[in-house]
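Read-outs: derived from the displayed coordinates by stated rules, not from any lab. On a predicted model such as this, the values are computed, not experimentally measured, just so you know. Neighbour counts are summed over all protein chains in view; Cβ atoms, including those assigned to glycine, are modelled from backbone coordinates with ideal geometry.
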Amino acid sequence: MSLNSDQIERHKRHILLKEIGGPGVAKLKAAKVSIIGAGALGGPCALYLAAAGVGKIEIWDDDTVDRSNLQRQIQFADQDIGRRKADLLSARLTALNPDVRAVARPQRFSEASTPYGDILIDATDNFETRFALNRMAHETGRYLVSGAASRWSGQVGVYASGVSPDAPCYQCFVPDMPPEAEACDEVGVVGAVTGMVGANMALEAIKLIVGSGEALIGRLLIIDGLTGESRVLKLRPNPDCSVCGQ
Ligand SMILES: [Zn+2]
């Protein structure tokens, strides 16, 4: 897939990197990514992927913009209150980069949904959808990039149990819905932390697409925004896992 002169100009800073280069930009152009959740994590993730020239991006979200979202969902403006997030975000992506084919799926994601992405991005805020996505990624042999943020901290991981037999899935790490599961509207979250998580999810997807660096497969990046420290936990496959165990 060749690049025209406008695309070469647009992506020059990526072309200059030996880990991406022209072939990497061409791989990004050929890539298909499904982002589930158009909120605080999905917004920055989608914007960075569109800016990087990911060819097809699908946005799943059944929600509309609320005034209380604007403290962190910086892809939306005050005038967007009441409008559908999937429609608004997909229009933002096309405005940012007309080469991107952005598709809005303004519906609730479920286990019956059929996302087209080769990479699934979990930018949701509920465990029901996370678990459905994890099972789908495992059964259909796709990568799952998953992120979460709460209060001052965030986490990002890549789950590849459907791609590599020795990689854990999300439910090796979180087998059941945690009893203390809390939604961010109940506990609060710093907007800038959600931006860090969203940008890190985009970064992981870009590495998977271009095939450079080390994706966070079997590892969990934990960002502590309050102390400015981050650490990486090793995650192992659980042989008794209800999704990927033998
Ligand atoms: Zn598992």
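Remarks
- With neighbour counts taken as other beta-carbon atoms within 10 Å, the residues Cys45, Cys169 rank, fewest first, as Cys169, Cys45.
- Surrounding net charge for Glu204, when Lys and Arg each add one and Asp and Glu each subtract one, Cβ distance under 12 Å: 0
- Karplus 3J(HN,Hα) series, Hz, for the range 61-75 with 6.51 cos²θ - 1.76 cosθ + 1.60 (x for Gly, Pro): 5, 9, 9, 10, 6, 10, 4, 6, 6, 6, 5, 9, 8, 6, 6
- Proxy reagent accessibility, fewest Cβ within 10 Å first, across Asp66, Asp176: Asp176, Asp66
- Total formal charge among the other residues, if their Cβ is under 15 angstrom from that of Ala112, Lys/Arg +1 and Asp/Glu -1: -1
- Taken over the chain, lysine pairs spaced eight or more positions apart, or on distinct chains, with alpha carbons under 27 Å apart number 22.
- Annotation: the antiparallel percentage among DSSP beta bridges lying fully within the range 31-234 is about 50.
- Farthest positive-ward along the chain dipole, Cα basis, beta-carbon charges - from Ile35, Val187, Leu47: Leu47
- Residue-averaged [θ]222 nm for the chain, counting only DSSP H segments that reach four residues, each worth -39500 (n - 2.57): -10000 deg cm²/dmol
- Interchain or long-range residues, amide H under 5 Å from Val189's placed H: Arg151
- Loop-located trypsin sites (Lys or Arg not before Pro) in the range 117-206 whose Cβ has at most 13 other Cβ within 10 Å (DSSP): none
- Taking amide H as placed 1.01 Å from N in the peptide plane, the amide H of Arg83 sits under 5 Å from that of Val65, each at least 5 places away or on another chain.
- Cα-centre dipole for the chain with unit charges at Cβ (Lys and Arg positive, Asp and Glu negative), debye to 20: 880 debye
- Across the range 156-169, computed HN-Hα scalar couplings (Karplus, 6.51 cos²θ - 1.76 cosθ + 1.60, θ = phi - 60°) run 9, x, 10, 10, 10, 4, x, 9, 10, x, 9, 9, x, 9 Hz from first to last residue, x flagging Gly and Pro.
- The label point for Asp78 and the one for Asp63, both projected 7 Å from the Cα toward the Cβ, are 2.2 nm apart.
- 4 °C / 1.567 mPa s Stokes-Einstein diffusion coefficient of the chain, Kirkwood radius on C-alpha pairs, µm²/s: 71 µm²/s
- Dipole of the chain, positive direction: furthest Cα of Thr227, Asn126, Ala91, with charges on the beta-carbon: Ala91
- Per DSSP, loop trypsin sites (Lys or Arg not before Pro) in the range 1-58 with at most 14 further Cβ within 10 Å: Lys18
- Among the GluC sites (Glu not before Pro) found in the range 183-219, those both in a DSSP coil and sparsely packed, with 15 or fewer other Cβ atoms within 10 Å of their Cβ, are Glu214.
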